[in-house]
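To keep things clear, I will list the structure first and then write my remarks on it.
The values are calculated or read from the model by the stated rules, or taken from the named source; none is laboratory data. Remember, it's a predicted structure, so these values are computed and weren't measured experimentally. Here the Cβ positions follow ideal geometry from the backbone for every residue, glycine too, while neighbour counts run over all protein chains shown. In case anyone asks, the SASA skips ligands and DNA or RNA and just uses the protein heavy atoms, side chains included. Shrake-Rupley method; radii C 1.70, N 1.55, O 1.52, S 1.80 Å.
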Amino acid sequence: MRRRLLSALRGVNGDRPLVKLGQVSPVMPVDNLAPEILRPPYAVTGIDPNSGNSYSLFALGSKELEKMRDACAHARETLEYAGSLVKPGVTTDEIDRKVFEHVVARKIYPSPLGYRGFPKSLCSSINEVLCHGVPDDRELVEGDIVNLDVSTYVKGYHGDTSATFRVGKVSEEADRLCKTTEACLVKCIETCGPGIRLNRIGEICAEMSEEAGYQSSDTFCGHGIGTTFHMAPLVFHTRNANDMELVPGLVFTIEPIFCEGSMEFNELGDGWTVATVDGGLASQYEHTIIITDNGAEILT
């Protein structure tokens, strides 16, 4: 049995070493942040008392929506900055530290820090890690792919976005996986609009992943977002029964994860990092969007 398992792993990931948990540096302090940096309710306790089933609905053209746009613009800019740091020899811990410094210098708060006890300012998910990877002292190496998931809390609103970055030159297989996942996100957004059913997103993800020979994760989903980090609705990236009708002003994330092999996963022991059971690569892309009167707009 063990020989068959090892053979299967080599069949998916070749000679690439599987990700192992590294050394995690101390949590960045939040108690001594500048007083003008507004902290989310969970910053110290880890508990978000507002997380639940409420929806994030905005009046189009409202002042509240402008604040949401600002939070999402900061998230987009932060992701671009984080991505610029990706290169061989850099640790994800170093990227996280620089992102923390970058964000707080702009008098905003990194949403992941402290959320349910998460110890860092972004998630860094390398190769076969689907999501929620904790930045550590592992150096990125040529050929890796790494998803960086960043969120910013600005004046009471969260923006959330992620992308998978290539580390130097990657394999054709890795490049194809990334391109397909990103193309799926784009098609989902282009399809959204008033009157469209929410589960159409899952249908698109299933269709595109199956056509490419991949599996779309049925566990990790998008979500509503606004004054609270995670809100309704849950946005699944596989076929599902949630046929709620999209309406103007509704804000949520779409964030498909495509796996080149099995979407089944193991948690690696830190309570966060989840990796494919067969060692196959995983890729994720994410945007926060709002439903408009005639379609959908990317906020991040």
#### Entry: Boolean, T45 is closer than 14 Å to S111 by Cα, open to solvent by 70 Å² or more (accessible area, probe 1.4 Å) and among the polar types (S, T, N, Q)
yes
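Residues checked against (1) of a type in the set (A, V, I, L, M, F, W, C); (2) within 26 Å of P119 (Cα to Cα):
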{"site": "T219", "(1), (2)": "no, yes"}
{"site": "V251", "(1), (2)": "yes, no"}
{"site": "P256", "(1), (2)": "no, yes"}
{"site": "M263", "(1), (2)": "yes, yes"}
{"site": "V277", "(1), (2)": "yes, yes"}
{"site": "G280", "(1), (2)": "no, no"}
{"site": "N294", "(1), (2)": "no, no"}
### Task
Could you check, for segment 187-197, whether at least one of its residues is touching a Ser or Thr at 6+ places or on another chain (Cβ under 7 Å) and open to solvent by 10 Å² or more (accessible area, probe 1.4 Å)?
no
### Message
Among the listed residues L21, L65, L38, identify the single one that is in contact with a Phe, Trp or Tyr (Cβ under 9 Å, 6 or more places away or on another chain), assigned to a loop (DSSP other than H, G, I, E, B) and aliphatic (A, V, I, L, M).
### Response
L38
### Every pair of residues 6+ apart whose Cβ atoms lie under 6 Å, when the first sits in segment 123-150 and is part of a strand (DSSP E or B) while the second is of a type in the set (K, R) and surrounded by fewer than 24 Cβ atoms within 10 Å (Cβ to Cβ)
I145/R166
### Task
Just give me the residues in segment 173-190 being farther than 22 Å from S125 by Cα, in contact (Cβ under 8 Å) with a residue 40 or more places away in the chain and not hydrophobic (A, V, I, L, M, F, W, C), in sequence order.
E190
### Lone qualifier among V12, V30, V104 - being modelled with pLDDT under 90, more than 19 Å from the chain's Cα centre (by Cα) and assigned to a helix (DSSP H, G or I)
V12
### Query
Got a number for residues in segment 74-93 being out of contact with any Gly (no Cβ under 7 Å at 6 or more places or on another chain), among the aliphatic types (A, V, I, L, M) and assigned to a helix (DSSP H, G or I)?
2
### Summary
Taking segment 151-167 and keeping only residues that are surrounded by 19 or more Cβ atoms within 10 Å (Cβ to Cβ) and in a loop (DSSP other than H, G, I, E, B), one is left with V167
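Yes/no per residue for (1) buried (at least 20 other Cβ atoms within 10 Å of the Cβ); (2) free of Cβ contacts under 8 Å to residues at least 60 places away in the same chain; (3) touching a His at 6+ places or on another chain (Cβ under 9 Å); (4) farther than 22 Å from D270 by Cα:
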residue: E80; (1), (2), (3), (4): no, yes, no, yes
residue: L85; (1), (2), (3), (4): no, yes, no, yes
residue: E94; (1), (2), (3), (4): no, yes, no, no
residue: V103; (1), (2), (3), (4): yes, yes, yes, yes
residue: R106; (1), (2), (3), (4): no, yes, yes, yes
residue: Y109; (1), (2), (3), (4): yes, no, no, yes
residue: R116; (1), (2), (3), (4): no, no, no, no
residue: K120; (1), (2), (3), (4): yes, no, no, no
### Summary
Inside segment 41-59, the number of residues satisfying the requirement of being in contact with a strand residue (DSSP E or B) (Cβ under 8 Å, 6 or more places away or on another chain) and either without any contact (Cβ under 8 Å) to a residue 24 or more places away in the chain or assigned to a loop (DSSP other than H, G, I, E, B) (or both) is 6
#### Entry: Residue under evaluation V170, criteria (1) free of Cβ contacts under 8 Å to residues at least 12 places away in the same chain; (2) assigned to a loop (DSSP other than H, G, I, E, B); (3) β-branched (V, I, T), criterion not met
(1)
